[in-house]
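Reviewing the structure listed below.
Just so it is clear, none of the values below were taken in a lab; they were calculated from the coordinates. Because the structure is predicted, anything quoted here is derived from the model rather than measured. Backbone-built Cβ (ideal geometry, glycine too); neighbour counts: all protein chains shown.
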Ligand code: SAM
């Protein structure tokens, strides 16, 4: 009998991946965690039935969430990752010798445990001595922090369930306070393509615009996410994402990447006309 994982992208669109076998299934205090093995995408993680990452295309998401702000901020030393218990964003950050400390705030200890066992491709740097893991709600964690981080990456689930608070005005306002005077916030910001995703994306953008003086959106192609067209938010107190890109310096680091490069960085901020239209409406 053939086994398929199916995610509902809309009432009328389903996305399916053929599965060889299930490696892990568990119910944590916060969500259902499943890890599968598939012929096309390798191993993949789902939470409450929603795709989080696959071994085949996670490089796109993790390179784009980490390298875009790292190539703009000239000396990011202290970084906060909220969510991201799979370790993919942390893995990319640990490649920078200048990063001194990475605080990972993940609400669900069981996600980290399962990923360390079954997804070493992303979890491989979680034991780096610069990484400090806190099992806490990110919304609560940032409430008490003042001017501490150069960079905050919000690598969250979608805006419902445990991730809901990470899309609120209160959260973005507290991220602003938790950042140093030249800090940058990057968040995963859903897809512009289907209506429900687009509404969530617009809402997040509107709240970030209200909280930060500089707020832009960039895009990437992620085949296993809804519609395959994904957006990230770039919000900042000082640096502009294209004009302040340190391309020469980033290229001098010699980091081997598969998706990100500094020319793509510039292009990623040029959005399709309909997406600009959605953003202008907020
Ligand atoms: N890249 C994925 C995506 O966009 O689908 C998301 C990665 S997934 C590992 C996101 C993580 O955020 C999950 O492990 C989840 O437990 C965590 N998370 C959700 N809500 C959270 C919260 N309020 N505070 C901290 N972590 C949270």
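Can you tell me the orientation of helix 169-178 relative to the chain, as the angle in degrees between its alpha-carbon axis and the longest Cα principal axis, to the nearest 10?
For 169-178 against the chain, the angle is about 50 degrees.
List, largest first, the extents of the alpha carbons of the range 3-53 along their principal axes, each in whole Å.
Per principal axis, max minus min of the Cα coordinates gives 31, 26, 17 Å.
So what is the 222 nm mean residue ellipticity for the chain from helices alone, if each DSSP H run of at least 4 adds -39500 (n - 2.57) and you divide by all residues, rounding to the nearest 500 deg cm²/dmol?
-9000 deg cm²/dmol
Could you list 73, 205 in order of exposure, starting from the residue whose Cβ has the fewest other Cβ atoms within 10 Å?
Fewest to most other Cβ atoms nearby, the residues stand as 73, 205.
Taking neighbour counts of Cβ atoms within 10 Å as a proxy for exposure, in what order, fewest first, do 175, 115, 124 appear?
124, 175, 115
What angle, in degrees between 0 and 90 and rounded to the nearest 10, separates the Cα long axis of helix 58-72 from the longest principal axis of the Cα atoms of the chain?
10
What residue among 246, 196, 12 shows peak mean-square fluctuation when the chain is described by a Gaussian network model with Cα springs under 10 Å?
Most flexible of the set in this elastic network: 12.
Rounded to a whole number, what is D in µm²/s for the range 57-280 from Stokes-Einstein with the Kirkwood radius over alpha-carbon pairs (4 °C, 1.567 mPa s)?
My calculation gives 75 µm²/s for D.
Comparing 150, 34, 244, which has the greatest mean-square fluctuation in the GNM of the chain with Cα pairs linked when under 10 Å apart?
Of 150, 34, 244, the most mobile in the Gaussian network model is 244.
Any idea what angle helix 109-118 forms with the longest principal axis of the chain, computed on alpha-carbon atoms, 0 to 90 degrees, nearest 10?
70
By how many nm would the segment from residue 263 to residue 221 grow when fully extended, if each residue of separation counts as 0.36 nm and the alpha-carbon distance is taken off?
Value of the extension gain: 13.6 nm.
Running a GNM on the chain with Cα contacts under 10 Å, which residue among 66, 247, 204 ends up with the highest mean-square fluctuation?
Highest fluctuation among the options: 247.
So for the range 57-280, averaging the separation of alpha carbon pairs under 8 Å that are six or more residues apart and normalising by length, what relative contact order in percent results?
22
Fewest first, what order do 222, 266, 184 take by the number of other Cβ atoms within 10 Å?
Arranged by neighbour count, lowest to highest, 222, 266, 184 become 266, 222, 184.
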